[in-house]
Amino acid sequence: MQARTAVALRRGLSLGPEPPAWNQTVRESYAFIHLYIGEQAFAEGKFAEAEEHYRRALDYRPAFPEAAFDLGVSLAGQGRQREAYAAFLRAAALKPDFYEAYREAGLSALRGGASAADAEREIGAALAQRPEGPEVDALRRALAASGKGVRTGGR
């Protein structure tokens, strides 16, 4: 059913260019449609297609932290860690309590998307929001393996 829904939404989006007088509600709806189609493409392993839809979602709604985050995930899935890092930072800037965005920014930095200092800062910001739990221990181990310690407190 989800695949048929995604196909129908894709058809609807190919109706032509956006009329100049679209209101914000329509733009927001198109942003969510692109987010949904991007999620479907990502689930099918079509990272480049997912990226395209997440970018379109951000075109329609620039302050859309979930689309920025998902864009980062799709870029990371393509091995584009620097771009992923930037997308995760955008998501965190749009939603300062977005633990997952800081976590993924830090991990992306560790994978070569930014410096070890950037990784330390972003993982520190994540740990400041969620200082306990099994995932936190894994973050600390990943940072320790990179040769950096953890300063909690974040940004």
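Check off (1) buried (at least 23 other Cβ atoms within 10 Å of the Cβ); (2) of a type outside the set (Val, Ile, Thr); (3) on the phi > 0 side of the Ramachandran plot for PHE88 and give me the number that stays unchecked.
With respect to (1) buried (at least 23 other Cβ atoms within 10 Å of the Cβ); (2) of a type outside the set (Val, Ile, Thr); (3) on the phi > 0 side of the Ramachandran plot, PHE88 is out only on (3).
Can you tell which of ALA63, ALA31 is of a type in the set (A, V, I, L, M, F, W, C) and in a loop (DSSP other than H, G, I, E, B)?
It is ALA63.
Checking ALA126 against (1) closer than 30 Å to THR25 by Cβ; (2) among the hydrophobic types (A, V, I, L, M, F, W, C); (3) surrounded by 15 or more Cβ atoms within 10 Å (Cβ to Cβ): exactly one of these is not met. Which one?
(1)
Residues ALA105, ALA84, ALA93: which one is touching an Asp or Glu at 6+ places or on another chain (Cβ under 7 Å) and at pLDDT 95 or above?
Of the residues listed, the single one that is touching an Asp or Glu at 6+ places or on another chain (Cβ under 7 Å) and at pLDDT 95 or above is ALA105.
Identify, please: which residue in region 52-68 is buried (at least 24 other Cβ atoms within 10 Å of the Cβ) and either closer than 21 Å to GLY113 by Cα or hydrophobic (A, V, I, L, M, F, W, C) (or both) and is, among those, nearest to the chain's Cα centre (by Cα)?
Within region 52-68, the match that is nearest to the chain's Cα centre (by Cα) is ALA68.
Taking region 113-140 as the region of interest, how many residues are modelled with pLDDT of 90 or more, assigned to a helix (DSSP H, G or I) and not aliphatic (A, V, I, L, M)?
The total comes to 6.
The values are calculated or read from the model by the stated rules, or taken from the named source; none is laboratory data. What you see is a predicted model; the values in this text were computed from it and never measured. For neighbour counting, all protein chains shown are included, and Cβ atoms are generated from backbone atoms with ideal geometry for every residue, glycine included.
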